[in-house]
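Worksheet: the structure to be examined is printed underneath.
The values are calculated or read from the model by the stated rules, or taken from the named source; none is laboratory data. Since the structure is predicted, the reported quantities are computational estimates derived from the model, not experimental observations. For neighbour counting, all protein chains shown are included, and Cβ atoms are generated from backbone atoms with ideal geometry for every residue, glycine included. Only protein heavy atoms, including side chains, enter the accessible area calculation; ligands, DNA and RNA are left aside. Shrake-Rupley method; radii C 1.70, N 1.55, O 1.52, S 1.80 Å.
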Amino acid sequence: MKQSIVLIGPMGSGKTTLGKRLATELKVEFVDTDKIVARYHGAITRIFETKGEAHFRDLETKALSKALRNNGVVATGGGAVLSETNQELIRSHHVVFLDTSAEHVLGKINLAKRPLLKDNPEKWQEIYDQRVEIYRSLANQIVFTGGKGIKQLLETIREGLPK
């Protein structure tokens, strides 16, 4: 594989879960950019609280740049696509937009770990609406994850990968 497979999409769309499984099946490395940031800088909620979203986004860009060097499967944070720098970083890779809906997400995510939602879960839809066109414009492949099983989703993603 000469390029990474980059999973983008809103919070709770399955980027980490599907990314881990896909990497295992393809026998490549899996990297979650949020996990990289947390490993080196502490909890993301704490970064948002103490240093702000802009500081987090800078750390996220550094993590994404590092993750893309491995030519594996990369799960990004939901807002990683907001940065034009990040958009340019991922354009040369195979980008899979994992789409979903609020009804499939809000009951299953831990809101305490979601700094943009913890005080107002209904904000998920607003955030999604602000980002959906960016997700679509970057995607080589769009997969709706809501209400579907992991095996079916993995098969759909694999079918859309470059040969």
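Worth pointing out:
- Average accessible surface for the range 32-93: 50 Å² per residue, computed with a 1.4 Å probe over protein heavy atoms with every protein chain in place.
- Of the solvent-accessible surface of the chain, computed with a 1.4 Å probe over protein heavy atoms with every protein chain present, carbon and sulfur atoms account for 48 percent.
- In nm, spacing of pseudo-spin labels at L82 and S137 (7 Å Cα→C-beta vector): 1.6 nm
- 19 Å cut-off, amide nitrogen to a point 7 angstrom out along E155 Cα→Cβ, residues in the range 1-37: 18-19, 21-26
- Estimated dipole of the chain in Debye, rounded to 20 [Cβ of Lys and Arg +1, of Asp and Glu -1, Cα centre]: 660 debye
- Gyration tensor (alpha-carbon) shape descriptor, the range 43-112, a/c threshold 1.5: oblate
- Point-to-point label distance, A43-Q3, nm (Cα→Cβ direction, 7 Å offset): 3.8 nm
- For E25, the shell of other residues with beta-carbons less than 14 Å away shows a net charge of +2, using +1 for Lys and Arg and -1 for Asp and Glu.
- Point-to-point label distance, V28-D129, nm (Cα→Cβ direction, 7 Å offset): 3.6 nm
- Entry note, the chain: relative contact order of 33 percent, from Cα contacts under 8 Å with a spacing of 6+ residues.
- Overall shape of the chain was characterised from the C-alpha gyration tensor. The equivalent ellipsoid obtained from it has semi-axes of 23, 19, 14 Å, in decreasing order.
- Taking the chain as a Gaussian network of alpha-carbon nodes connected by springs under 10 Å, the highest mean-square fluctuation of the residues D129, D34, D99 belongs to D129.
- Along each principal axis, Cα extent of the range 1-41, largest first, Å: 29, 23, 16
- Highest mobility in the GNM of the chain, judged by mean-square fluctuation with C-alpha springs under 10 Å and restricted to T100, T85, T50, is found for T50.
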